[in-house]
Amino acid sequence: MTNGRCFRHGLRLHSTAFETPTPVTSSSPSPSAPAAAPRNVVKRVLVLRYSQSGQLDEVAEQIVAPLRADPAIQVHEEVLRPLAPYPFPWPFLAFFDAFPESAHMKPQPLAPLSLTGEEDFDLVILPYQVWFLAPSQPVAAFLKHPVAARLLEGKPVVTVIACRNMWLLAHEKLKGMLADVGARLIDNVVLTDPGPTLATFFTTPAWLIWGRKRGFWGMPDAGLSTEQIRGTGRFGRALRDALGKNLERGTQPLLAGLGAVRADAKLLVSEKAGTRSFYLWGKLIMAAGGPGAWQRKPLLLLYVLFLIALIVTVVPVSLTLQAILRPLFRGWLTKMTAQFECPSGSATDRTPLYDD
Ligand SMILES: Cc1cc2nc3c(=O)[nH]c(=O)nc-3n(C[C@H](O)[C@H](O)[C@H](O)COP(=O)(O)O)c2cc1C
């Protein structure tokens, strides 16, 4: 567990991700903490929204509700609308057809935004889901939009991830995109499906492809639990208080001590292998045609067979090897876990202050 100790951040946090950590104690007041905001100054918060099943929307709603209820905070919600909406539940091949562009971060375009880029926000909340080990295409499309570059430059951003359980490398990619537009990542909240990894291999596709959210064969329901979603209200209450004290202008995380993120660095090896495979096969499939092209279908089918073969042969061998070798890599795993839990950390010392 990381105990609120993290790196001291410069403006571009992603470039510091693997440097030697300089411990800072998040719960102790910073000597350069900004003075409290006069109560007549209205803080402007931008919240980006995109969700297929409604899950990420529910999480965002829990976080935004305390901000919206505060008269000193003005919330603008921007719903991301892909020009050609993605289906939900997904037809089987359409689901896999989304992987080449997701993995290569060449997202399909969005319908025009309501924002022009001239607006000025004090804080940006960016909830996102993971698609094929990368930020979902609608979120990637927003971050690559020229309006995002104008809106986000120099702004503090809080990311909120809700996904099955593989988000480590997607977040590295997202940090790169934030750095490209000069945004400051000050917090990261992560919610992952509570079911056992093996069970979610079955329950997640059943939800996404066949629309079956309820568990089967003794396995739990797919997606986040109601308690997890409800619990995210604490982040909204902490953000409201932090805005009231101008803390978003500083460099310290606003959500430290609230159990914002628990990283499982053991998944890094699988994520790296998956990313490489998505990248190489994605390149081949994109060369055959654009999204939805019939020429991609035989290759997609071949890839699905390859994936199944990989899951039943290489994955068990790799997991067994990893389990045997784990004692040798304990130090590395601890270091990686701490790095992926930055900046908000997994400590929970402030949680009682913000639980409802
Ligand atoms: C096309 C697609 C690919 C996905 N790939 C991943 C993944 O690589 N890792 C992961 O943890 N979850 C993955 N998920 C699950 C999503 O991150 C998310 O939990 C789920 O789609 C619900 O999001 P929603 O709020 O948009 O409905 C994927 C979902 C979709 C639709």
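Values in this text are rule-based calculations from the coordinates and carry no lab data. Since the structure is predicted, the reported quantities are computational estimates derived from the model, not experimental observations. FYI the Cβ positions are ideal-geometry reconstructions off the backbone, even for glycines, and counts take in every protein chain you see.
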Practice item. State to the nearest 20 debye the size of the charge dipole of the chain about its Cα centre, where the only charges are +1 on K and R beta carbons and -1 on D and E beta carbons. Key: 600 debye
Point to revise | Amide proton proximity set for VAL79, modelled H, under 5 Å, gap of 5+ | key: ARG49
Check your understanding: In nm, to one decimal, how far is the LEU83 label point from the ARG276 one, both placed 7 Å along Cα→Cβ?
Key -> 3.5 nm
Check your understanding: What does a probe at ASP241 reach in the range 139-158, counting residues whose amide N is under 19 Å from the point 7 Å along Cα→Cβ?
Key -> 158
Practice item. State to the nearest 20 debye the size of the charge dipole of the range 44-153 about its Cα centre, where the only charges are +1 on K and R beta carbons and -1 on D and E beta carbons. Key: 280 debye
Review point. Gaussian network model of the chain, Cα springs within a sub-10 Å range: biggest mean-square fluctuation belongs to which of PRO87, PRO343, PRO107?
Key: PRO87
Check your understanding: Tell me, which longest segment in the chain has none of the GluC sites (Glu not before Pro) that fall in DSSP loops with at most 13 further Cβ atoms within 10 Å?
Key -> 154-356
Check your understanding: What residue among ALA287, SER344, VAL79 has its Cα farthest toward the positive end of the dipole of the chain, where the charges are +1 on Lys, Arg and -1 on Asp, Glu, each on the Cβ?
Key -> ALA287
Practice item. Could you tell me the number of lysine pairs in the range 43-354 with C-alpha atoms less than 17 Å from each other, where the two lysines are 8 or more residues apart or belong to different chains? Key: 16
Point to revise | Residue-span extension gain [ARG249 to LYS335] - 0.36 nm each, minus C-alpha spacing | key: 28.1 nm
Review point. Taking springs between alpha-carbon atoms closer than 10 angstrom, which of GLY218, GLY274, GLY282 fluctuates most in the Gaussian network model of the chain?
Key: GLY218
Check your understanding: In nm, what is the difference between 0.36 nm times the number of residues separating ILE209 and LYS106 and their Cα-Cα distance?
Key -> 34.8 nm
Exercise for review: Would you mind ranking HIS76, HIS104, HIS171, HIS145 so that the residue whose beta carbon has the fewest other beta carbons within 10 Å leads the list?
Suggested key: HIS76, HIS104, HIS145, HIS171
Check your understanding: How much of the DSSP beta bridge set in the range 43-354 is antiparallel, as a percent to the nearest 5?
Key -> 10 percent
Exercise for review: Could I have the simple spin-label model distance between ARG230 and LEU302, label points 7 Å from Cα toward Cβ, reported in nm to one decimal?
Suggested key: 5.1 nm
Point to revise | Residue with peak Gaussian network fluctuation, the chain [Cα springs, cutoff 10 Å], from TYR50, TYR279, TYR128 | key: TYR279
Exercise for review: Rank the residues ILE308, ILE186, ILE209 as a footprinting-exposure proxy: fewest other Cβ atoms within 10 Å of their Cβ go first.
Suggested key: ILE308, ILE209, ILE186
Review point. By how many nm would the segment from GLU153 to LEU321 grow when fully extended, if each residue of separation counts as 0.36 nm and the alpha-carbon distance is taken off?
Key: 56.1 nm
Point to revise | Charge dipole of the range 43-354 about the Cα centre (unit charges at C-beta), most positive-ward option of PHE132, THR116, GLY331 | key: GLY331
Exercise for review: Output the DSSP H helices from the chain with an along-axis C-alpha extent of no less than 20 Å and a mean Kyte-Doolittle hydropathy no less than 1.0.
Suggested key: 296-312
Study note, to complete from the structure: CD proxy, 222 nm, the chain: helix-only mean residue ellipticity via -39,500 (n - 2.57) per DSSP H run with n ≥ 4, per residue, nearest 500, stands at -12500 deg cm²/dmol
